[in-house]
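Q: Following this message is one structure expressed as structure tokens.
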Amino acid sequence: MTGLLDDALPPGWSVRHPDADDHARVHAVLDQWWAGFGGEAGSRERAALLPRLFFEHFTDTSYLIEHDDGHLVAFLIGFLSPARPDTAYVHFLGVDPAAQRAGLGRRLHARFGADAAARGARQVGCVTSPGNRDSIAFHTRLGFRVDPGDRTVAGTSVHSDHDGPGLHRVVFSRALDDRGPTHP
């Protein structure tokens, strides 16, 4: 894989599409990388959000960044919507806290957006928890807009029960032809 991401990685780091064997590797870092965000319920929720099917059926639109020694540095799990052919969706993004602020999340979004646009997508969407202020700030910096919801939490519009009872979400969208992260 070459392009928007590979040329900017430090020596000894590479990007590739995940496979089924990566499912356990990603699950192994979730609690560490999210530092207990949301407590035990948050841990269960994160694990439930990444079933093995994402590592079997959405591999060509998802990415891992790893060090030559096999250390996982970042991942993005995304797909093209079968119901909305013009829409791509970033389901989950994670970056090792030791590698944050190096632009990896932005580069993963850029790579995903460019690949999705090449396949006909014109917009990309994603969600986050209302309490994840870092994620809200990150996506806003990338040019995502918060889609209006039915309530406001800490100054941010939220969609109540978006992912089930009590699972409120901030819903984001961004056009792929704007000056967002697909144009580094």
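Q: Under the rule of at least 5 residues apart or a separate chain, name every residue whose amide H is placed under 5 Å from the amide H of Gly149.
A: Distant-sequence amide H within range of Gly149: Val158.
Q: Hey, another quick one. Tell me, in nm to one decimal, what length is gained between Trp34 and Glu56 on full extension, where the rule is 0.36 nm per residue of separation less the Cα-Cα distance?
A: Details: separation 22, 0.36 × 22 = 7.92 nm, distance 2.40 nm.
Roughly 5.5 nm would be gained on extension.
Q: Give a residue-ordered list of calculated ³J(HN,Hα) values for region 61-72 (Karplus: 6.51 cos²θ - 1.76 cosθ + 1.60, θ = phi - 60°; whole Hz; x for Gly, Pro).
A: Once θ is set to phi - 60°, the couplings for region 61-72 become 10, 10, 9, 10, 10, 9, 8, 3, 7, x, 5, 6 Hz.
Q: Using +1 at the Cβ of each Lys and Arg and -1 at the Cβ of each Asp and Glu in region 89-184, identify which of Val170, Val124, Gly105 lies farthest towards the dipole's positive end.
A: Checked the options; the winner is Gly105.
Q: Here's another thing I want to ask about it. Rank Thr59, Trp33, His71 by how far each Cα sits towards the positive end of the charge dipole of region 1-71 (+1 on Lys, Arg Cβ; -1 on Asp, Glu Cβ) and give me just the farthest.
A: Value: Trp33.
Q: Right, another one. How much of the accessible area of region 82-184, probe 1.4 Å, is carbon plus sulfur, in whole percent? Don't skip to the answer; put the middle values down first.
A: Numbers: 2580 of 5110 Å².
That share works out to 50 percent.
Q: Could you provide, to the nearest whole Å², the per residue accessible area of region 89-155 with probe 1.4 Å?
A: Details: 3200 Å² over 67 residues.
I get 48 Å² per residue for this part.
Q: Given an 8 Å cut-off on Cα distances and at least 6 residues of separation, report the relative contact order of region 1-118 as a percent. Mind dumping the intermediate values first?
A: Working: 155 pairs, mean separation 30.5, N = 118.
Dividing the mean separation by the residue count of region 1-118 yields 26 percent.
Q: May I ask you to rank Asp21, Asp96 by accessible area, largest first, using a 1.4 Å probe over the protein chains only?
A: Values: Asp21 120, Asp96 15 Å².
Descending accessible area places them as Asp21, Asp96.
Q: So, one more: Ranked from the most accessible area to the least, with a 1.4 Å probe and all protein chains present, what is the order of Thr156, Thr140? Don't jump to the answer; show the numbers that get you there.
A: Numbers: Thr156 15, Thr140 75 Å².
Descending accessible area places them as Thr140, Thr156.
Q: Quote the charge dipole size of region 1-146 about the Cα centre in Debye, to the nearest 20; the model charges only the Cβ of Lys and Arg (+1) and of Asp and Glu (-1). Can you show the working numbers first?
A: Values: 15 positive and 17 negative charges, 149 e Å.
The calculation lands at about 720 debye.
Q: Moving on. How much of the accessible area of region 1-71, probe 1.4 Å, is carbon plus sulfur, in whole percent? Working shown, then result.
A: Details: 2120 of 3850 Å².
Here carbon and sulfur together make up 55 percent of the probe-accessible area.
Q: On to the next question. State, as an integer percentage, the relative contact order of region 25-184 based on alpha-carbon contacts under 8 Å between residues 6 or more apart.
A: Values: 255 pairs, mean separation 27.3, N = 160.
That works out to 17 percent.
Q: Name the most mobile residue of Arg145, Arg169, Arg101, meaning the one with the largest mean-square fluctuation, in a Gaussian network model of the chain with Cα contacts below 10 Å.
A: In this elastic network of the chain, the residue with the biggest mean-square fluctuation among Arg145, Arg169, Arg101 is Arg101.
The values are calculated or read from the model by the stated rules, or taken from the named source; none is laboratory data. Every value quoted in this text rests on a predicted model; they were computed, and no experiment measured them. Note: ideal-geometry Cβ built from the backbone for every residue, glycine included; neighbour counts use all protein chains shown. When the accessible area is computed, the model is the full protein with side chains, heavy atoms only, and any ligands, DNA or RNA have been set aside. Shrake-Rupley method; radii C 1.70, N 1.55, O 1.52, S 1.80 Å.
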